[in-house]
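Take a look at the structure below.
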Amino acid sequence: MDYQPECDDGGLQWYEQIGRQEQIENEQRERKKVTMASFEIHRATRRRAKLRLGMSGPAGSGKTYSALLIAGGLGGRIGLIDTEHGSGDLYADLLPDGYDVLPLTPPYTPARYIEAIRAFEESGVSTIIVDSLTHAWTGEGGSLDRQGKIADKSGNSWQAWRQVTPEHNALVEALLQSPCHIIATMRAKTDYVQEKDERTGKNIVRKIGLAPIMRDGIEYEFTTFFEMDVRHMAFAGKDRTRLFDGSIFKPEIDTGRLLLSWLDSGEDVPVKKIAMPEEQKAAMKESITGANTLDELFKAFSTAYRAATALPDPSALAELTALKDERKAALEAHNESALGIAA
């Protein structure tokens, strides 16, 4: 049989084998560029920051007292959100420059906490003390209370958490995104231990604080977390500042000064303000104006607050806050009318 040479295909076979391979490699390089562009890699740099301090302890451990002393060391105006039925006014003479108090009454919904935080931010305080954050979890109208009521009505506990969890997350975000220093106190579960008194040799019973009464893992949200005991001594269960590692101490004004020095020793943070997209803002406005109850309004505003502060977009936040206040006044007036209460 005679040899038949391969016919000239104009390079089609080469393209199929070699050209296609190059095309695949180019596509992979482009995908890698897109993937890399979605991440930002930078040299680790400690920035100047605002304090995020959590404090837990049993009754009588001195949480409010200690929080005020630390806030005094941070300097500037102090605002205290009081959920403890007037206890915030008991230490009016503790600090030379005093402090402001915002009483917060039931319902202790996360959205009402956000409103209180926002009110102090707008008033120009430097440090906000939330005393206590526990009510947002276990108090009347708090997350556990709301979850239980929703579950009783719907018969679906999991679905209830789907509604309550975003509200709780919005409060945590408000604490983390605030331009003020934040000190949040929390009640702690209490227990009793029997131990020997080194001075007398006798056995004594001592009350101790355990985990904070709040959603599990709340400690992770703070830069530093102090655990207080009934002797008013603090132990840093978590401390990213590394100022209190292994120490047991009594919080004083100098504790606040020490923290402030660490917070201010970093580099200035470049502020990037991003405007909220108009479509997103319009949707949030619609949710706020369409709220038929105060509960729906608080939920809608929690979502709006979280979105605006995350950008941050102060003008959008101010606009949404004004709309919320307007809708809240209308709903309250409607409720009073329905109950036959004269204006």
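The values are calculated or read from the model by the stated rules, or taken from the named source; none is laboratory data. Nothing here was measured: the structure is a model prediction, and the numbers come from that model. For neighbour counting, all protein chains shown are included, and Cβ atoms are generated from backbone atoms with ideal geometry for every residue, glycine included. These area figures cover heavy atoms from the full protein model, side chains too; ligands, DNA and RNA do not enter into them. Shrake-Rupley method; radii C 1.70, N 1.55, O 1.52, S 1.80 Å.
Screening the candidates ARG162, ARG242 for the property of being basic (Lys, Arg) and at negative phi yields one hit, ARG162.
For THR289, the conditions (1) touching a Pro at 6+ places or on another chain (Cβ under 9 Å); (2) of a type in the set (S, T, N, Q); (3) open to solvent by 30 Å² or more (accessible area, probe 1.4 Å) are fulfilled apart from (1).
For the stretch 254-305, how many residues meet the condition of being hydroxyl-bearing (Ser, Thr, Tyr), at pLDDT 90 or above and under 22 Å from THR223 (Cβ atoms)? Matching residues across the stretch 254-305 total 2. Within the stretch 38-81, the residues that satisfy the criterion of being assigned to a strand (DSSP E or B), touching a helix residue (DSSP H, G or I) at 6+ places or on another chain (Cβ under 6 Å) and either more than 29 Å from ARG206 (Cβ to Cβ) or aliphatic (A, V, I, L, M) (or both) are MET55, ILE78, GLY79, LEU80, ILE81.
What about LEU171, is it under 19 Å from ILE213 (Cα atoms), in contact with a helix residue (DSSP H, G or I) (Cβ under 6 Å, 6 or more places away or on another chain) and not basic (Lys, Arg)? Let's see the steps before the verdict.
Working: under 19 Å from ILE213 (Cα atoms): yes; in contact with a helix residue (DSSP H, G or I) (Cβ under 6 Å, 6 or more places away or on another chain): yes; not basic (Lys, Arg): yes.
Yes; evaluated as a whole, the condition is true for this residue.
Note on the stretch 292-304: residues that are open to solvent by 70 Å² or more (accessible area, probe 1.4 Å), among the polar types (S, T, N, Q) and either out of contact with any Pro (no Cβ under 9 Å at 6 or more places or on another chain) or not in a helix (DSSP H, G or I) (or both) total 1. Of the residues making up the stretch 233-257, those that are open to solvent by less than 80 Å² (accessible area, probe 1.4 Å) and under 25 Å from LEU95 (Cα atoms) number 10.
Output the number of residues of the stretch 43-68 satisfying the condition of being open to solvent by 10 Å² or more (accessible area, probe 1.4 Å) and closer than 21 Å to SER261 by Cα.
Going residue by residue through the stretch 43-68, those that are open to solvent by 10 Å² or more (accessible area, probe 1.4 Å) are 43-50, 52, 59-60, 62-65.
Retained after the next criterion (residues that are closer than 21 Å to SER261 by Cα): 44-50, 52.
Selection size over the stretch 43-68: 8.
GLY98 meets the conditions (1) modelled with pLDDT of 90 or more; (2) buried (at least 16 other Cβ atoms within 10 Å of the Cβ) in every case but one. The failed one is (2).
Within the stretch 135-149, the set of residues being closer than 16 Å to LEU294 by Cα and within 17 Å of the chain's Cα centre (by Cα) comprises GLY142, SER143.
State all residues of the stretch 94-119 that are over 20 Å from TYR305 (Cβ atoms), β-branched (Val, Ile, Thr) and not in a loop (DSSP other than H, G, I, E, B); if no residue qualifies, say none. Within the stretch 94-119, just VAL101 meets the criteria.
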